[in-house]
Every structure is written in structure tokens, then in C-alpha cells.
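The values are calculated or read from the model by the stated rules, or taken from the named source; none is laboratory data. Quantities reported herein were computed from a predicted structural model and do not represent experimental measurements. Cβ placement follows ideal geometry from the backbone for every residue including glycine, while neighbour counts extend to all protein chains displayed.
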Amino acid sequence: VGAGALLLNNADSNTAVGAAALLLNTSGTQNTAVGTDALVFNDSGSSNTATGSFALMNNTTGGSNTAIGWEALTANVDGVNNVALGHLSLSSNTNGNNNTAIGNLALQNSVSTSEHVVVGRLAGSGITSVNNNIIIGHHSGVHSRFHQEDNVCYIGNIWGANVDNMGGVARMVYVDPDGRLGTQLVADGPNPRKSPEGSQPQAIPDAAKQAVLDLKVQSLRATVAQQQQQIETLTAQLNENTAQIQKANAELEMNKPAAKVVVNEPKSLP
């Protein structure tokens, strides 16, 4: 549907809606193109979905890509298994594979990098030469000190955020070599969460107990230091007030008029 849609097509199971959508497709199958120039240069790429004007526009042989949004994956040529959701998401990608970019301008400058998962507007927008990163939030993917790195994870809005520890319920978060997050350390052996029915839950390891105790001690020390500082401030203010009172009393004594003594002499009798 649309001028030039599937004009040169010789393949099966393709759907094109929009001017020039899948215009040059010859042998690619199972493609869906919705929008002006969506998949317009596709030749033999198959199983692609392009929704939005110029989505996957330059794709020729890449397959199993999903692009939703204006110019999403627009530069892709032969990259496969990419998902781009949002306008200009993965817009510079030409042959990178297995990327997932959700958010406007997400991974917009990546050309040939692969295996990324980014969620958020401009997420991973600084990535150009590394692979296999996970970014949740608006982080560019470029570290302020280490710059670009492979195999790293960024999650926004954690650094500097307050955590409620009323009642001592807050816990430290650990990460294991598999990238799993949790608050309880487990020694060698099976997962205690999968213990046989009726068995007693595994006690919290000493290391975890010590970590919680250390956190409480640090909190108490900070509170004591703050209170000590407040006491010192109040003491200084009290000393200053006392000095001012003493000075005022001294000035009053100096300005007090001298006492006069009146002597009554007895009159002589006639």
C-alpha cells in the first residue's frame, strides 16, 4: 500500500505500507515495513520489522531486526538481531549485532559495536568502540575516569541517593561473578532458597553480620561526632554570653554614682 511499495519484489510473505516501503526488495522474505522509505533498500534481508519513516532504510542483507520510530536503525546494512525502539535509536548502526536500544537517541552513535542492552533517552549515546554493556538510565556509557570499556553496567539514580535505614532494615548489596545481585552472602553449596521443605533456613553468614554491624557502628560514630560538634558550638556560645554579661556588669559598676555621707551635727542648747 503506497506509491512504489514492494515495486520490485519477487519474494513472499512481505508487507509494505507507505511510499517506497520495501521498494527495492527482491528476495527478502517475512519483512514488514510501515512508513515512508521504511526498508526501502532492502534486497535479501529477511524477518525484519520497520515501523516509522526511514526505519531500517539502508538495510540490504541484515535480518531479524526490529526498528520502531523515525530513523530507527536507519543506517543498518547487514547487522542482525537488533532491536531499536525510539526515534534515532541505533540510527548509526551499520553492522553491529544483537543490540537492544530502547529510548529516543539510545545508542545513536554506535556503528559496529554489539551485544548492548540500553534503556533510556540518550542511553549509551557515547558508545562507539566497545561491546556488551548494560545501561539503565541516561548514562552515555563513557566513564569519567576509565572512558569506554567492554562488559560494564551502569544504572542511574543510585549514587548519592538516600536509603531508609530506620530499624536497621537496610542491607548492603553484593554482586557475584555471574552478575547476580543480592543482600545475603552464601557459602559453598546449594542455594539455600531451594532447601528441602521443612528444613531450617540457613543462618546469615558471619561476614554479612559483620558488614551490618560495621554499617551501624559507622552510623553511630557519625551521630556522636555530630552531637559533639553541636555541644562544642553551644559551649562556645555560652562562654561568649557569659563574657558579655560580665562586661555589662563591670560597666554598670563604673557608671554608678559615688555614695554620699550626710553628717547631722547636734545643735547646742541656749
- prompt: Can you pull out the residues in the range 6-47 that are small (Gly, Ala, Ser) and out of contact with any Leu (no Cβ under 7 Å at 6 or more places or on another chain)?
  reply: 11, 13, 18, 19, 20, 27, 28, 35, 44, 45, 46, 47
task: Answer with yes or no whether residue 30 is part of a loop (DSSP other than H, G, I, E, B) and under 24 Å from the mean Cα position of the chain (by Cα).
output: no
field: Unique residue being of a type in the set (Gly, Ala, Ser) and not in a loop (DSSP other than H, G, I, E, B) when the list is 50, 55
entry: 50
- request: Quick one: which residue in 164, 150 is surrounded by fewer than 17 Cβ atoms within 10 Å (Cβ to Cβ) and at pLDDT 95 or above?
  value: 150
query: Counting just the residues of the range 4-15 that are buried (at least 21 other Cβ atoms within 10 Å of the Cβ) and within 14 Å of residue 45 (Cα to Cα), which one comes out farthest from the chain's Cα centre (by Cα)?
result: 6
